[in-house]
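Following: one structure in structure tokens, then a few remarks.
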Amino acid sequence: MSLNIVNNATCTFCGCVCDDIELHANEERIVEAKRACVLGKAWFLNHTAEHLYPDALIDGKEATVEEAIQAAAEYLDAADLPLVYGMSNITCEAQREAVALGERLGGVVDSHTSL
Ligand code: SF4
């Protein structure tokens, strides 16, 4: 089986955002993550292409992404002081969007590192 090799992949696990990772992947999973630290290796090697979970949940019930976006918009619109929280395992572009959302809502932005 041939491996797909991706150079200069970015690890978003801890926040250092190392962007020189070399990934080797077969059809289902990453089998090697060169230059990643032990945390990065564990993160990359434990993700698969299997579809283990529904795309979205609303109140614990399976939903479409469109339904989930509509529900999220309604929750955020009704909130007095929405908190945009997390962002530890997402890209810089997604973090930028999260901050913009927090500003647009007049809410608060925080990351898991405040714990
Ligand atoms: S490779 Fe290690 S240090 Fe670099 S972002 Fe991933 S977890 Fe952090």
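At-a-glance table
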quantity: Charge dipole (debye, nearest 20) of region 62-111; +1 at Cβ of Lys and Arg, -1 at Cβ of Asp and Glu; calculated: 240 debye
quantity: Nearest-20 debye value, the chain charge dipole, Cβ charges on Lys, Arg, Asp, Glu; calculated: 560 debye
quantity: Using alpha carbons only: equivalent-ellipsoid semi-axes of region 38-101, gyration tensor based, whole Å; calculated: 26, 19, 10
quantity: The chain: translational diffusion in µm²/s, Stokes-Einstein, Kirkwood Rh over Cα pairs, 20 °C, 1.002 mPa s; calculated: 129 µm²/s
quantity: Compactness of region 4-45, expressed as Rg and Dmax over alpha-carbon positions, Å; calculated: 9.3, 28
quantity: Highest-fluctuation residue, Thr64, Thr91, Thr12 considered, GNM on the chain with Cα pairs under 10 Å; calculated: Thr64
quantity: Nearest 10 degrees, 0 to 90: helix 65-78 Cα axis against the chain principal axis; calculated: 40 degrees
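Throughout, read-outs are computed from the coordinates displayed, never taken from laboratory work. The shown structure was predicted, so the numbers you read here are calculated from the model rather than taken from an experiment. Please note: Cβ atoms are built from the backbone with ideal geometry, for glycine as well, and neighbour counts cover all protein chains shown.
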